[in-house]
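Below is one structure, written out as structure tokens, with a few remarks after it.
Rule-based calculations on the coordinates, nothing more; no lab input. A quick note: this is a predicted structure, and the numbers were derived from the prediction, not measured. Don't worry about glycine lacking a Cβ; one is built from the backbone with ideal geometry, like all the others, and counts go over all protein chains shown.
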Amino acid sequence: MRIKQIREAIEQLVDTSRHQTLKELNAIKHIGIDDEKKSVILIITIGAIGGQAEHNLKKELARTIKLGLGYRGIRVQFEEEKRIISSKTKFILIASGKGGVGKTTVTVNLANALARLGKKVAIIDADIHSSMVPRMMEMNIIQPDITEQGRIRPFVKNGIEVMSTEFFSEHGKPILWRGALIKSMLSNFFFQVDWSPELEYVLIDMPAGTGDTMNDISEIIPSALVLLVTTPHPVAIEIVIKTGMGYRELHHELIGIVENMAFFEDPTTKEHHYLCGKDGGLYAADALQLEILATIPIAKPKKNFIIFDEDEVVGEIYHDLATLISIQN
């Protein structure tokens with residue numbers, strides 16, 4: 001009965017790092033009573049430890065337990081909850097087998113197309129050694145701010161939240177990190193960034209091939225959607241098939257293939273020139289038993305560096321791809 005009374009007294013207190021009550025967050029993990037010292041022992045998870053939110057909650061707990069319920073003391077252990085944004089957020093790994101197939105270009109354009117559909121979107125640039133998302137988004141490369149709760153504030157461009165190692169590295173210098181450092185940075189991207197809880201889609205720009213990052217991401221997100229990007233070139237096709245099989249072994253769901261750089265259309269004759277080969281995407285789709293969700297020609301945006309507007313031919317293709325993904329997933 002006393003445990004129930006304590007729970008009812010504290011469960012309406014608010015974790016200001018997440019702006020919800022302890023009851024809503026299921027944050028009360030343990031309640032104990034030390035009868036000899038007439039004190040209450042608590043274990044509570046919060047969004048961020050060591051900051052103002054912890055200080056505020058500790059003060060409110062003490063006031064409620066001691067003044068409200070008449071106990072002499074309180075011992076509280078705070079644990080930081082490792083949360084991945086929201087249970088409703090869908091994570092889409094944008095993956096390729098070979099570098100240089102336009103994976104990041106697809107990531108950026110798909111994110112913009114989803115945002116134009118009114119979706120809440122973020123990009124995590126997991127291609128640690130070759131991070132290019134901020135520059136393709138034409139963003140200022142500066143270090144991010146830190147919130148009062150000690151979290152990293154993501155940058156926003158075109159309504160899209162973005163986080164990348166590019167914001168932390170010195171311009172012109174390579175990132176020569178090994179596995180442990182990369183894994184730590186990826187963990188920070190998911191657990192230490194102040195992402196909007198309303199995010200519907202998080203696109204993760206994966207590095208090419210099957211390496212440590214593929215396994216590290218799978219530990220953080222055991223079950224994600226995977227969109228494979230390839231060109232029709234035979235070398236790219238062989239590697240993307242292996243990559244797709246690798247993601248399946250890790251229990252991710254392959255949702256389809258984007259065949260990028262599929263052809264070049266002569267603006268005068270409208271004739272298609274297959275500079276990277278032909279029908280490679282169909283071969284990969286057949287091998288992996290997937291559908292080609294988009295066939296994207298070689299083209300240059302009219303106004304932007306990388307991003308195609310919706311009134312351009314390629315922009316329409318990305319609009320259709322975003323619509324298809326939003327309907328099916």
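For every helix of n ≥ 4 consecutive DSSP H residues, a contribution of -39,500 (n - 2.57) applies; sum these over the chain, divide by its total residues, and give [θ] at 222 nm rounded to the nearest 500 deg cm²/dmol.
On the way: 9 runs with 101 residues, N = 329.
Estimated from H runs of four or more residues: -9500 deg cm²/dmol.
When the charge dipole of the chain is built from unit charges on Cβ atoms (+1 for Lys and Arg, -1 for Asp and Glu) and taken about the Cα centre, the candidate among I257, L22, S86 whose Cα reaches farthest toward its positive end is L22. Springs join every pair of Cα atoms under 10 Å in this Gaussian network model of the chain, and among H319, H233, H273 the largest mean-square fluctuation is at H273. Cross-linked pairs K119/K300; K59/K88; K4/K37; K66/K88: Cα-Cα separations exceed 27 Å for K59/K88; K66/K88.
Tell me, rounded to the nearest percent, the portion of alpha carbon pairs in region 6-138 spaced more than 21 Å apart. Could the numbers behind the result be given before it?
Numbers: 4986 of 8778 pairs.
The proportion of pairs with Cα distances above 21 Å equals 57 percent.
In terms of overall dimensions, region 2-80 has a Cα radius of gyration and Dmax of 11.6, 35 angstrom.
Give me the orientation-averaged projected area of the Cα convex hull of region 205-249, in nm², one decimal.
Working: hull surface 12.5 nm².
That works out to 3.1 nm².
Spin-label model, R135/T295: points 7 Å from Cα along the beta carbon direction are separated by 3.2 nm. Using only side-chain charges placed at the Cβ, +1 for Lys and Arg and -1 for Asp and Glu, the dipole size of the chain relative to its Cα centre rounds to 1520 debye.
Using packing as a proxy for protection, rank 236-244, 296-304 so that the peptide with the highest average count of other Cβ atoms within 10 Å comes first.
236-244, 296-304
The largest-to-smallest principal axis extents of the Cα set in region 241-329 are 45, 29, 21 Å.
Only beta bridges with both residues in region 2-80 are counted; by DSSP, about 50 percent of them are antiparallel. The packing ranking, built from the mean of other Cβ atoms within 10 Å per residue, places the peptides 208-217, 116-125, 180-189 in the order 116-125, 208-217, 180-189, highest first.
Sorted from longest to shortest, the spans of the Cα atoms of the chain along the three principal axes equal 88, 39, 38 Å. In region 131-222, taking the dipole from charged Cβ atoms about the Cα centre, the farthest positive-side position among I160, I146, G211 is held by G211.
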